[in-house]
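Each remark here refers to the structure printed beneath this line.
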Amino acid sequence: MSTTKELVSSGYVYVPGVFQYSAGVAAMPGHTIERLRFADPVPLKEGFKRISEIIQAAGQPLKSFCACELRSPAPFDDAGFQSFNEIYAGTLKEWGLFDQDDNPVARSNVCPELNGPTEPSFHSFAFARPIVESSGRPSFIVSGSAEVPEGTDSYGGNAIAASDTSADGMRCKAQWVLGEMERRLTALGVTWQDTTATQIYSVYNIHNFLADDIVLRGAARHGVTWHYNRPPLTGLDYEMDCRSVSIERVI
């Protein structure tokens, strides 16, 4: 059963999460989610400016901004992550996106191991927009999750299979994250069968559990995109997100 909240005048609903992001978003009836990926990472301040221009040029309010994927130079410690999130969330508040104390915007934030940006940057973003004729396919984005319960006082200090990057350790991490993905999908009222894309972020071997724990589970129905990236906090080793988006562009 869906357990979402509506953000008024946005065109989407969201699953409440933590201060820095929601657990996921889904387009409301009569709307769809459009995802745009930058050809190269765009620094945060410039990225917000470009996103604002693109959304408004499409005739949509800034409140239709519903999801983004970020790239950071290296994993943060807990204090650094909190400071970064306060800066990021400040713009969302200026745009009128916070729903009381809820941040409705879905997000993934990961760190390329090689050839990454020199400062936190946008990789992609998404917004809700009206459609004339619906395909009947759900349109949603599930936020990224690494192998740790959200909202803890120390993410790295509460990691599943902490510091264990063996085959068994990585399988344990992946199984926990897959369970969290399914919790978020259920909250949106959808399943793996509804997804059009699944992304994995890790610098460690995923092949030991790819078939049994991901493919057989239905999480790779359109394959998976493996990014050679780390999660955004020290002490974490595996992250996933997923989506169902019919309109995707590279700009």
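A few remarks follow.
- Dipole check for the stretch 5-250: with +1 at the C-beta of Lys and Arg, -1 at the C-beta of Asp and Glu, and the Cα centre as origin, the magnitude is about 740 Debye.
- Residues R137 and Q56, FRET efficiency given R0 of 30 Å [Cβ-Cβ distance, rounded to 0.05]: 0.65
- For the stretch 5-250, the percent of C-alpha pairs falling in each 10 Å distance bin, counted from 0 to the bin holding the largest distance, reads 8, 34, 38, 18, 2, 0.
- Per residue Cα convex hull volume in Å³ - calculated over the stretch 90-130: 108
- Residue-count net charge about R230 - beta-carbon cut-off 14 Å; Lys, Arg +1, Asp, Glu -1: -3
- Residue by residue, the stretch 242-250 carries 3J(HN,Hα) couplings of 7, 7, 9, 9, 8, 10, 9, 9, 10 Hz when phi is fed to the Karplus relation 6.51 cos²θ - 1.76 cosθ + 1.60 (θ = phi - 60°); x denotes Gly or Pro.
- Spatial separation of Cα centroids for the stretch 185-250 and the stretch 19-81, in angstrom: 19
- Residues with amide H under 5 Å from that of L188, placed H, sequence gap 5 or more: T3
- In degrees, nearest ten, helix 44-57 long axis to first principal axis of the chain (Cα): 40
- Across the stretch 81-218, the mean sequence separation of Cα contacts (distance under 8 Å, 6 or more residues apart), normalised by length, yields a relative contact order of 19 percent.
- Considering only beta bridges that DSSP places wholly inside the chain, some 70 percent are antiparallel.
- Residue order, fewest to most beta carbons within 10 Å, for C66, C172, C111, C242: C172, C111, C242, C66
- A39/H222 FRET efficiency (R0 22 Å; Cβ-Cβ; nearest 0.05): 0.50
- Residues N158 and D101, FRET efficiency given R0 of 30 Å [Cβ-Cβ distance, rounded to 0.05]: 0.85
- Ranking of R183, R71, R129 by count of other Cβ atoms within 10 Å, fewest first: R183, R129, R71
- Pairs of Cα atoms nearer than 8 Å and 6+ residues apart set the relative contact order; for the chain it is 28 percent.
- Value of relative contact order over the stretch 1-83, rounded to a whole percent, pairs C-alpha under 8 Å and six or more apart: 22
- Spatially proximal lysines relative to K5 (Cα-Cα < 21 Å; intrachain offsets below 8 disregarded): K63, K93
- Computed label-point distance, nm, for sites T191 and A211 using a 7 Å Cα→Cβ extension: 2.4
- From least to most packed, judged by other beta carbons within 10 angstrom and beginning with the fewest, E113, E147 follow the order E113, E147.
Here, each number is a calculation from the coordinates, and none is a lab measurement. These numbers were taken from a predicted model, which means no experiment stands behind them. Positions of Cβ are backbone-derived with ideal geometry, glycine not excepted, and every protein chain shown enters the neighbour counts.
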